[in-house]
Amino acid sequence: MRINCPICGERDSREFHYRGSAKLLDRPAPDAGAEAFYDYVYIRENPTGLNRELWFHDSGCRSWIVAERNVTTHEFFKTELAVDAKRGAK
Amino acid sequence: MRYSALQVFLNGLTGNKNWKPVWRNPEPKSHYDVIIIGGGGHGLSTAYYLAAKYGITNVAVLERGYLGGGNVGRNTTIVRANYFLEGNSQFYSHSLKMWESLEQELNYNVMLSQRGQVILGHSDGQVDSLARRGNMMRMQGDDAELWSREETKRQLPYLNHDDPRFPVYGALMHWRGGTARHDAVAWGFARGADMRGVDLIQNCEVKGFRIENGKVLGVETSRGYIGAGKVGMTVAGRTSQVGEMAGLRLPIESHVLQAFVTEGLKPIMPHVVSFGMGHFYLSQSDKGGLVFGGDLDMYNSYAQRGNLPMVEHVAEAGMALMPMIGKAKMLRSWGGIMDMSMDGTPIIDKTHIDGFFLNCGWCYGGFKAVPASGDCFAHLISTGNHHKAADKFLLSRFETGHVIDETGNGATPNLH
């Protein structure tokens, strides 16, 4: 697997650390209540097709990246910096 | 037919022409008291215990592919009861006791080999934690023996004990642990269930559920609608998809775990050995191949194959632990899809849907759990109450904070 880092270009997946679903970017407000935090911490869509996920380029530019990847074929589609993804969502 | 030495002898006299197929291949009926989704180890053992122990024989097992074609045929066949935490400890203890009489129970040779399972310690701190784990195992009533550095060297002379980075300081031996023939476990439970009237229906994919007023009425399948009094799902690896059809949102991620086997070798290692450095464990199969595995590939995956970086990582761990493994040729590697729960512990529970039961989240420890999982799930389905060995495996534990996190990694499924 090769991952297209927005800063470093296409790099070997061994340079990256996998964190999990990109829903972790959407932390509920502190007063959102227990149910919202339960959903945030524990519940995962776990799709068979396209998954939006967080990768950390720890042997490279040390940026957090949001990647869209097919979890059955391991094919990567869009990648962007997590900070941009978060700004874009607002 | 009951298997015995006499049957082998008599059938030998008649040219082995009279052996019969071990299970039927029935058409689905229109209604069953209980439908189990998933014809792997857990589904087949659940069906078996429903019929054999809890008296429910109008049961169907629906399998999308063929019996035992998933993770029960893809694991590294290790059986053990060396868990630490309340909840896990009693469950795996129950399971190991069931393994010890499983062949008599099923009248089927599952080739259980209690050859002992060793975990190595590579620092004083790690040996202390092994001593603590050993004490917990003994308090549960299972066996554990702490080995000194010298004893470990004497027992396992083929390892690299003086690796400068990870020297072996000691080990914890669990003599009742070992291996079993994984396919035979599936076949034995399938045969036992079929003999008691359970319909094992293969090539039958579940497409949806009929649920009315909060109660499950039946299952839509690729072979038509089948009514059911109760439905249990044992589809680890695909839990999120099947659960979604019933409106369940679950604390599960699917990850790929690889396993490896070398060419057949003469007997060199009599035990199952786990490297304490990372996730690496190996044993020698009865055919002589060294069977080993390591970490998950770490990213979500539904591909039943892994990638090369993890092959390299596992090979490196093997070389560090046992340099002579480098002389052996790796014959095959394969992958299975693990149902990784958010605390590394399985779920055996009811759901908010009346008559719909959940068995999932086995991470990479499902094989050793097969007998107890079936027993406890059948107990839950038939009585509506949790079996005392599995009464902590609740779906609600994540919401209430009663997680059972053996590794202490928190909600990071790929690290459990």
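Observations
- Candidates B:F84, B:F9 - the one that is of a type in the set (F, W, Y) and closer than 30 Å to B:F166 by Cα: B:F84
- Restricting B:E63, B:E86 to residues that are surrounded by 22 or more Cβ atoms within 10 Å (Cβ to Cβ), in contact (Cβ under 8 Å) with a residue 12 or more places away in the chain and acidic (D, E) narrows the list to B:E63.
- Apart from one condition, B:D343 fits all of (1) assigned to a loop (DSSP other than H, G, I, E, B); (2) acidic (D, E); (3) in contact with a strand residue (DSSP E or B) (Cβ under 8 Å, 6 or more places away or on another chain); the exception is (3).
- Checked against (1) surrounded by fewer than 21 Cβ atoms within 10 Å (Cβ to Cβ); (2) within 30 Å of B:E205 (Cα to Cα); (3) of a type in the set (G, A, S); (4) more than 13 Å from chain A (Cβ to nearest Cβ), B:G289 passes all but a single condition, namely (2).
Rundown of residues vs (1) surrounded by fewer than 18 Cβ atoms within 10 Å (Cβ to Cβ); (2) in a strand (DSSP E or B), yes/no style:
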{"position": "B:D295", "(1), (2)": "no, yes"}
{"position": "B:M310", "(1), (2)": "no, no"}
{"position": "B:M319", "(1), (2)": "yes, no"}
{"position": "B:G326", "(1), (2)": "yes, no"}
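- Filter result for the condition that a residue is of a type in the set (G, A, S), surrounded by fewer than 16 Cβ atoms within 10 Å (Cβ to Cβ) and at pLDDT 95 or above, over A:A29, A:A22, A:A89: A:A29
- With respect to the conditions (1) over 30 Å from B:N213 (Cα atoms); (2) in the same structural domain as B:K230 (by TED's automatic domain parsing), B:D354 falls short on a single one, namely (1).
- Pairs where the first residue, in the stretch B:260-273, is closer than 7 Å to B:L290 by Cα and the second is part of a loop (DSSP other than H, G, I, E, B) and among the aliphatic types (A, V, I, L, M), C-beta under 7 Å, 6+ apart: B:T262/B:A328
- When B:M111 is tested against (1) surrounded by 22 or more Cβ atoms within 10 Å (Cβ to Cβ); (2) among the aliphatic types (A, V, I, L, M); (3) in contact with a Lys or Arg (Cβ under 7 Å, 6 or more places away or on another chain), only condition (1) is not met.
- A:A67 modelled with pLDDT of 95 or more and part of a strand (DSSP E or B): yes
- In the set B:I37, B:I78, B:I56, only one residue is under 30 Å from B:R332 (Cβ atoms) and surrounded by fewer than 23 Cβ atoms within 10 Å (Cβ to Cβ); that residue is B:I78.
Here is a yes/no grid of residues against (1) assigned to a strand (DSSP E or B); (2) at the interface with chain B (Cβ under 9 Å from one of its Cβ atoms); (3) within 22 Å of B:I252 (Cα to Cα); (4) of a type in the set (S, T, N, Q):
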{"residue": "A:G20", "(1), (2), (3), (4)": "yes, yes, yes, no"}
{"residue": "A:D31", "(1), (2), (3), (4)": "no, no, no, no"}
{"residue": "A:R44", "(1), (2), (3), (4)": "no, yes, yes, no"}
{"residue": "A:R52", "(1), (2), (3), (4)": "yes, no, yes, no"}
{"residue": "A:T72", "(1), (2), (3), (4)": "no, yes, yes, yes"}
{"residue": "A:E80", "(1), (2), (3), (4)": "yes, no, no, no"}
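- Qualifying residue in the stretch B:238-252 (condition: assigned to a strand (DSSP E or B) and either in contact with a Pro (Cβ under 6 Å, 6 or more places away or on another chain) or farther than 24 Å from A:G20 by Cα (or both)): no
- B:L257 vs. criteria in contact with a strand residue (DSSP E or B) (Cβ under 8 Å, 6 or more places away or on another chain), more than 16 Å from B:G318 (Cα to Cα), away from every other protein chain (no Cβ under 14 Å) and in a strand (DSSP E or B): yes
- Which listed residue is outside the structural domain of B:W362 (by TED's automatic domain parsing) and touching a strand residue (DSSP E or B) at 6+ places or on another chain (Cβ under 9 Å), from B:L96, B:L130: B:L130
- Of all residues making up the stretch B:159-183, the number that are hydrophobic (A, V, I, L, M, F, W, C), surrounded by fewer than 20 Cβ atoms within 10 Å (Cβ to Cβ) and under 25 Å from B:G40 (Cα atoms): 0
The values are calculated or read from the model by the stated rules, or taken from the named source; none is laboratory data. Quick caveat: nothing in here was measured; it's all calculated off a predicted structure. Positions of Cβ are generated from backbone atoms using ideal geometry, with glycine treated the same way; all protein chains shown enter the neighbour counts.
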